[in-house]
1. Given the criterion under 24 Å from the mean Cα position of the chain (by Cα) and touching a residue at least 12 places away in the same chain (Cβ under 8 Å), identify the matching residue among Ala66, Ala98, Ala77.
2. Restricting the first residue to region 229-251 and requiring it to be surrounded by 15 or more Cβ atoms within 10 Å (Cβ to Cβ) and among the charged types (D, E, K, R), which pairs with a second residue that is part of a helix (DSSP H, G or I) and at pLDDT 90 or above meet a Cβ separation below 7 Å and a spacing of at least six or different chains?
3. Six or more apart or on different chains, Cβ atoms under 6 Å: show the pairs whose first residue is in region 260-276 and over 14 Å from Glu232 (Cα atoms) and whose second is at pLDDT below 90.
4. How about region 195-296: which helices (runs of 4 or more DSSP H) wholly inside it have at least 1 residues that are at pLDDT 90 or above?
5. Test each condition in (1) among the basic types (Lys, Arg); (2) out of contact with any His (no Cβ under 7 Å at 6 or more places or on another chain); (3) under 18 Å from Met44 (Cα atoms) for Arg222 and report the one that comes out false.
6. Which of the residues spanning region 110-134 are closer than 17 Å to Leu158 by Cα and in a loop (DSSP other than H, G, I, E, B)?
7. Scan region 24-31 and give yes if some residue there is touching a strand residue (DSSP E or B) at 6+ places or on another chain (Cβ under 7 Å) and within 14 Å of Leu206 (Cβ to Cβ), otherwise no.
8. Got a sec? Which of Arg135, Arg123, Arg204 is in contact (Cβ under 8 Å) with a residue 12 or more places away in the chain, closer than 20 Å to Leu283 by Cβ and either more than 16 Å from the chain's Cα centre (by Cα) or not assigned by TED's automatic domain parsing to the domain that holds Asn61 (or both)?
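The values are calculated or read from the model by the stated rules, or taken from the named source; none is laboratory data. Nothing here was measured: the structure is a model prediction, and the numbers come from that model. Reconstructed Cβ throughout: ideal geometry from the backbone, glycine too, with neighbour counts over all protein chains shown.
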Amino acid sequence: MITAENLTKRFGAHTAVDGISFEVRPGQVTGFLGPNGAGKSTTMRMVVGLDRPDTGSVTVNGLPFARHGAPITEIGALLDAKGVHPGRTAESHLRLLAATHGIGRARVDEVMELTGITSVARRRVGGFSLGMHQRLGIAATMLGDPHTLILDEPVNGLDPEGVHWVRGFVRSLAAEGRAIFLSSHLMSEMAQTADHIIVLGRGRILADAPVGDLLGGGDRERTRVRASDARELAILLAAEGVSIAHADGDTLEVEGVAASRIVRVAVGADIDVHELVPLRGSLEDAYLALTGDAVEYRSDPAAIAA
């Protein structure tokens, strides 16, 4: 578990992280999102003691990272997949890390097998693709079988099979009761992987909520309906104060009403319902709405068109 309280970090006159508090809880994947320059990397670095906060505190499983006697058994962190000496082999890199905590060779073999890098164990890391660097980095995070993991852009450079593997891997770790803190710019992947989302913008938390809440559940139900007489159904629903978000041929998108009510109205008017599909907004839409005023580097569409 990661607990941050009033965490602040300044670099000169620039405030990179501005008084944020959050928790990364066991048993779930917490996604960490934000535009470039939002403060995500600085926050992750403070969690593992690479940057010291100016105010506030952050603990891992109840203690600051540096106070753990065997830190890699508490938290595994992948912050820079290419932060490995290029002259070392994958195996020698992992064995060196393992030796710092008295971890035996058998565990090194296990994590290489787990991440699919056994066949390249004796190749020098300098010749690795970005995807293989990512797998090596994930192997390193698992050496101490930690309770908590921080993974910064772990699917960057992976092929579709690798992306699928990472998704299943982190979901399985969360199912074991571990706390997973995961950053990514791939919104579709985050929507499938994360249980909870924290969105950072200009160093401040813009959202801290379950994925379902960000995607617009509860009071903002939206349903796609295909019916034998969509025009008449739209008129009947509108007469009851229901909002029709979109109409196209035999299909309606109805907002703010339960699907069961739509069916009752259709059946009462002898209208056949051919399709009834609950819709949710995308995580990308929610993210862009949240961060629209917090983007540090913004392109000019007019300049691109020109």
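1. Ala77
2. Listed by first residue and then by second, the contacts come to Asp250/Ala230.
3. What qualifies is Leu276/Ala259.
4. The helices (runs of 4 or more DSSP H) meeting that bar are 230-239, 259-268.
5. It is condition (3) that Arg222 fails.
6. Passing the criteria: Gly116, Ile117, Phe128, Ser129.
7. yes
8. Arg204
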